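Right, one structure below, let's go through it.
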Amino acid sequence: MSSQDIPEENLPVAQDTAHGTVDVADEKHPFADPGLPPHEHRIQDIDERAARRSERTVALLFTVSMLATIGFIASYVAIPVDKNVYIWTLGHISALNFALGVTLGIALFCIGAGAVHWARTLMSDVEVADERHPIEAAPEVRAKVLADFKQGAEESQLGRRKLIRNTMFGALALVPLSGVVLLRDLGPLPETKLRHTLWKKGTLLVNQNTDEPLRASDIAVGSLTFCKPEGLDEHDHGFQNEIAKAALMIIRLHPEDIKDKQELEWSHEGIVAYSKICTHVGCPISLYEQQTHHVLCPCHQSTFDLSDGGRVIFGPAGHALPQLRIGVNDEGYLEALGDFEEPVGPAFWERG
């Protein structure tokens, strides 16, 4: 159906929007204004059934956006981080990343598509020509802007098309929840995982190179030995995450060389155990100076005094190395007497 098939009384009233047009060039106006082309009415302008169809289409797009946002949140909660799926042409990819990308993409696309379809089919498409006006906002201009705004609000049919209005508000209200859900990873969701390691009372100290439990007699004065908790195997799932917190270094000092009272109480016959993880950015400490009892992080040269509570004596590290309290069991093997008293490694914002 075209506008030629509709009686004149059913067509929308055309507005005179040409201001100061010049049909014929003269000395004052050397260029003639060709004016605007004749306005062609859309099917939605002359057929309310077509307008209703467009309204339902826009509402459907906004509704799909809402469902996709809900799917985004559900995927984030329900899909395990380590689950992979096979997608043709993409191969094996993370199921969580794929679900989040698809649902969020659909949610944003449907909002945009709904807004574009709404503007192209239901809002007024009459071209308006207006003369340039001074930059300052005169009272007449403000009155005209207000009138144009009211006219635009009426032409958008936002008040009349309640189905579009309500579904649009619903889609726009739900989409920001995608970002709110993502913020949960910036909060305390690691819970207490950063504050605890595999060390607990009775856990044997195992040589990381030989996988054998250590006796006090195995540790010579001035030696540096790297340890891990009993039962932690490098082939275990999550080994890297656990060893990154539980890695330990033990050094045997002469008891009289230990300056810190608590360090001496937490040691066994001069054997002290400290976290191997640097408190700057988490690099593994590996360099030991026997004469000074200093250990050095090779990444940024943070230096710690293991004869004085593991305190920082040089470099960017913010706090001392955590010490592990140790003793021996009935069989003479070195064992932990509990977990570290403070989180190991670099500081984090909720550390307390």
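The values are calculated or read from the model by the stated rules, or taken from the named source; none is laboratory data. Since this is a predicted model, take the numbers as computed values, not measurements. As a convention, Cβ positions derive from the backbone with ideal geometry for all residues, glycine included, and neighbour counts pool all protein chains shown. Calculation scope for accessible area: heavy atoms of the full protein, side chains included, ligands and nucleic acids excluded. Shrake-Rupley method; radii C 1.70, N 1.55, O 1.52, S 1.80 Å.
Within segment 205-228, the set of residues being in a strand (DSSP E or B), closer than 12 Å to residue 273 by Cα and touching a residue at least 40 places away in the same chain (Cβ under 8 Å) comprises 205, 224, 226, 227. Of the residues examined, residue 91 is not one that is open to solvent by less than 60 Å² (accessible area, probe 1.4 Å) and modelled with pLDDT of 95 or more. Take residue 296 and decide whether it is surrounded by 16 or more Cβ atoms within 10 Å (Cβ to Cβ) and either closer than 26 Å to residue 203 by Cα or at pLDDT below 90 (or both). Answer is no for this residue. Please tell me if residue 171 is closer than 19 Å to residue 66 by Cα, in a helix (DSSP H, G or I), at pLDDT 90 or above and not aromatic (Phe, Trp, Tyr). Taking the combined requirement at face value, the residue satisfies it. In segment 199-209, the qualifying residues are those that are modelled with pLDDT of 90 or more and open to solvent by 70 Å² or more (accessible area, probe 1.4 Å), and the one that is farthest from residue 328 (Cα to Cα) is 200. Only residues in segment 112-136 that are among the polar types (S, T, N, Q) and at pLDDT below 90 count as the first member; pair them with residues that are part of a helix (DSSP H, G or I) and surrounded by 12 or more Cβ atoms within 10 Å (Cβ to Cβ), Cβ under 8 angstrom, at least 6 apart or cross-chain, and list the lot. If the second residue must be part of a helix (DSSP H, G or I) and surrounded by 12 or more Cβ atoms within 10 Å (Cβ to Cβ), the pairs left are 124/152; 124/155; 124/156. For segment 69-100, a tally of residues being assigned to a strand (DSSP E or B), aliphatic (A, V, I, L, M) and touching a helix residue (DSSP H, G or I) at 6+ places or on another chain (Cβ under 8 Å) returns 2.
Between 119, 129, 107, the distinction of being open to solvent by less than 60 Å² (accessible area, probe 1.4 Å), in a loop (DSSP other than H, G, I, E, B) and in contact with a Ser or Thr (Cβ under 9 Å, 6 or more places away or on another chain) belongs to 129 only. Criterion applied to 263, 269, 242 was being out of contact with any Ser or Thr (no Cβ under 7 Å at 6 or more places or on another chain), under 29 Å from residue 231 (Cβ atoms), of a type in the set (Asp, Glu) and modelled with pLDDT under 90, and the one residue passing it is 242.
Being polar (S, T, N, Q), out of contact with any Pro (no Cβ under 8 Å at 6 or more places or on another chain) and open to solvent by less than 10 Å² (accessible area, probe 1.4 Å) holds for only one residue in 307, 275, and it is 307.
Looking only at segment 230-263, count how many residues are assigned to a strand (DSSP E or B) and surrounded by fewer than 21 Cβ atoms within 10 Å (Cβ to Cβ). Even if it seems obvious, please write down each step before you answer.
Taking segment 230-263 and keeping what is assigned to a strand (DSSP E or B), we get 248-252.
From what is left, the residues that are surrounded by fewer than 21 Cβ atoms within 10 Å (Cβ to Cβ) are 252.
Qualifying residue count, segment 230-263: 1.
Considering each residue of segment 276-285 in turn, at least one proves to be in contact with a strand residue (DSSP E or B) (Cβ under 7 Å, 6 or more places away or on another chain), among the β-branched types (Val, Ile, Thr) and outside any loop (DSSP other than H, G, I, E, B). Restricted to segment 148-175, and to residues that are of a type in the set (A, V, I, L, M, F, W, C) and under 31 Å from the mean Cα position of the chain (by Cα), which residue is most open to solvent (accessible area, probe 1.4 Å)? Only one residue fits best here, namely 169.
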